[in-house]
Amino acid sequence: MASVVLSEAEKVYIMHGVQEDLRVDGRGCEDYRCIEVETDVVSNTSGSARVKLGHTDILVGVKAEMGTPKLDRQNEGYLEFFVDCSANATPEFEGRGGEELGTEIANTLYRIFNSESSIDLKLLCINPREHCWVLYVDVLLLECGGNLFDAISVAVKAALFNTRIPKVCVLEVEGGREIELSDDPFDCIRLNVDNVPCIVTLSKIGYRHIVDASLQEEACSLASLLISVTSRGALTCVKKVGRGSLDPESIFEMMETGKRVGKWLHSSLQTVLDEEENLGTTRKKVGFLG
């Protein structure tokens, strides 16, 4: 993961500010930086989204393709995640430097989407045991400015909200079955993302914890807690990262903060997505992908 080098004096300055609930950029301990969300930014995908969180820039594309259901879930479709850490984000990702981080992020996404309640995978089934929709979720890290997991989870939820899957029907013909694709581009399936969780990362600095840590603040934190939260405040996954330790009391406090902040994050994101959806074709696309 991208990192910065700070002097001891800079670390002390950041830590003292956190103890007083006044961070270097003026935020409180539970405040996010400005989040920019834009959907439908890549034309050759079933759904896409771009999220900017401070200096962190994430692009997600979802491609729906027909496949064969898994043996243990023969009446469901499934999701596949791939994370590409671009060397443009930070020189540390050059060569094979970003592969380990990409694998860690992808494994985390698999864990939080492993719950049956996150997405109705039965909706992706076309013909049990034979055909289903496979959603390939490709995550591209364009710029790294801290708090990657939160930004990626928001981008994935926005991209899934934007995803449109063509409707198909199975016809009985001589010698077997035939799949017919609808000619109407507006005749499609939309995913219900109400229960799709978002990740809230809480970083322990000194005796307090903060959300949405910048690169400088991440350099001052020895341990963080990744909490996967639904829109109703239910926890679906908890993961500790960093070489430091967390005492039980801190973990419970961080979980309660994660629930509270997570519900606000979901509410704000859904409001933005609904507003953008209501604009339809009249909305102006921004950024270099516009």
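The values are calculated or read from the model by the stated rules, or taken from the named source; none is laboratory data. Fair warning: this is a prediction, and the values are worked out from it, not measured in the lab. For neighbour counting, all protein chains shown are included, and Cβ atoms are generated from backbone atoms with ideal geometry for every residue, glycine included. Accessible surface is based on the protein model in full, side chains and every heavy atom, while ligands, DNA and RNA are left aside. Shrake-Rupley method; radii C 1.70, N 1.55, O 1.52, S 1.80 Å.
Listed values, structure above:
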{"read-out": "Cα-based helix-to-principal-axis angle, 99-112 vs the chain, degrees rounded to 10", "value": "70 degrees"}
{"read-out": "Of 273, 59, 171, the one that fluctuates the most in a GNM where the chain has Cα springs shorter than 10 Å", "value": "171"}
{"read-out": "Among 211-219, 105-113, the order from most to least packed when residues are scored by Cβ within 10 Å on average", "value": "211-219, 105-113"}
{"read-out": "Accessible solvent surface per residue of the stretch 1-55, calculated while the other protein chains remain in place, 1.4 angstrom probe, Å²", "value": "57 Å²"}
{"read-out": "C-alpha long axis of helix 8-19 to longest principal axis of the chain, angle in °", "value": "70 degrees"}
{"read-out": "Tilt relative to the chain, helix 248-279 - C-alpha long axis, 0 to 90 degrees, to 10", "value": "50 degrees"}
{"read-out": "Fluctuation leader among 120, 274, 21 - the chain, Gaussian network, Cα springs under 10 angstrom", "value": "274"}
{"read-out": "Residues of type lysines that residue 240 reaches as a straight line, Cα spacing below 26 Å, ignoring anything fewer than 8 places off in the same chain", "value": "11, 52, 157, 204, 259, 263"}
{"read-out": "Å² of accessible area per residue within the stretch 157-226, as computed with a 1.4 Å probe and no ligands counted", "value": "47 Å²"}
{"read-out": "Carbon + sulfur, % of accessible area of the chain - ligands and nucleic acids excluded, 1.4 Å", "value": "50 percent"}
{"read-out": "Sequence ranges 128-141, 5-18, ranked by mean other-Cβ count within 10 angstrom, highest first", "value": "128-141, 5-18"}
